[in-house]
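Written below as structure tokens is the structure these notes are about.
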Amino acid sequence: MALLTRLGFPGDEKYWATLGFATDGAMTRIGTISCALGVPASWGFDGINVDAGILGIPEQLRDAGEPGTHPNGVTSVDHVVYWVPDLDRSVADLSAVLGTAPRRRFRPRGPDGPEMAFYRVGEAFIEVVAAGHRPPALAGIAFSAPDLDATVATIRAADGPIGTPKPAVQGGRIASVWHGYLDWGIAFMEPKPRTP
């Protein structure tokens with residue numbers, strides 16, 4: 001099974017500390033994923049079948065140490081957003097690299113919204129979004145925050161640029177970092193409550 005094990009984030013340690021992440025030497029670990037800071041948005045996989053270079057995203061090779069506890073309460077990466085110009089081609093390429101088909105492919109925002117495909121890659125998902133004529137890009141990230149109100153309060157206490165929690169399309173709640181911060185989409189998600 002292919003696993004997303006490494007990510008690269010734009011913005012240095014100062015930016016990520018303002019969002020409540022513990023960092024060490026321009027690195028941090030979020031759940032099972034090592035994250036390099038101050039680099040172009042990038043990713044790295046373990047257990048892949050084909051060179052991931054065909055996906056058009058830089059490869060991240062650096063690994064962080066042991067998982068830490070983050071002041072913002074984040075426990076894992078929920079998903080990364082992968083913009084692609086041609087969803088059919090990108091799904092074929094990503095399926096070849098990961099060795100599996102997407103779990104789901106549909107238009108979650110209705111018939112006028114973009115078509116998306118979703119892949120499970122360990123703890124996280126890759127959300128593949130048809131983005132028209134844009135080149136392939138990792139456009140953003142969403143983190144799992146079991147207590148979103150506490151996460152938002154921690155970020156605001158550090159003068160972090162975060163909005164008010166609201167209902168998320170996929171259920172649960174979401175709070176987004178202000179548009180333009182690091183010029184990258186960043187959100188914190190609290191899952192919907194499980195029914196007994």
Alpha carbon centroid spacing (whole Å) that separates segment 88-131 from segment 132-154 = 17 Å
For segment 73-128, average projected area of the Cα convex hull in nm² | 4.4 nm²
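Of all trypsin sites (Lys or Arg not before Pro) in segment 71-164, which ones are in loop regions per DSSP and have a Cβ with at most 16 other Cβ atoms within 10 Å? Please report the intermediate quantities before stating the final value.
On the way: sites: ARG89, ARG103, ARG104, ARG105, ARG109, ARG120, ARG156; in loops: ARG103, ARG109.
Taking segment 71-164 and a limit of 16 other Cβ atoms within 10 Å, the loop trypsin sites (Lys or Arg not before Pro) found are ARG103, ARG109.
Averaging the inverse of every distinct alpha carbon separation and then flipping it gives the Kirkwood radius. What is it for segment 86-196, in angstrom units? Walk me through the numbers before you get to the answer.
On the way: mean 1/r = 0.0637 Å⁻¹.
Its Kirkwood hydrodynamic radius stands at 15.7 Å.
Carbon and sulfur together cover what percent of the accessible area of segment 1-131 at a 1.4 Å probe radius?
On the way: 2990 of 5920 Å².
So the carbon and sulfur contribution to the accessible surface is 50 percent.
Send over a whole-number figure in Å² for the accessible area per residue of the chain, probe 1.4 Å. Walk me through the numbers on the way to the answer.
Working: 9690 Å² over 196 residues.
That works out to 49 Å² per residue.
Taking segment 1-70 on its own, what percent of its Cα-Cα pair distances exceed 22 Å? Don't jump to the answer; show the numbers that get you there.
Details: 483 of 2415 pairs.
Percent of Cα pairs beyond 22 Å in segment 1-70: 20.
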Amide H neighbours of SER144 under 5 Å, at least 5 residues apart or on other chains, H built in the peptide plane: list them.
-> THR75, SER76, VAL77, ASP78, MET189
Quick one: check the C-alpha center-to-center distance for segment 167-196 versus segment 43-57, whole angstrom.
-> 26 Å
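Could you grab the relative contact order for segment 124-196? Cα pairs under 8 Å, six or more apart, rounded to a whole percent.
Details: 94 pairs, mean separation 23.5, N = 73.
So the answer I get is 32 percent.
The values are calculated or read from the model by the stated rules, or taken from the named source; none is laboratory data. Bear in mind that the values here come from a model prediction, so they are computed numbers and not experimental data. Every residue, glycine as well, gets a Cβ built from its backbone with ideal geometry; the counts of neighbours run over all protein chains shown. Heavy atoms of the whole protein, side chains included, go into the accessibility calculation; ligands, DNA and RNA do not. Shrake-Rupley method; radii C 1.70, N 1.55, O 1.52, S 1.80 Å.
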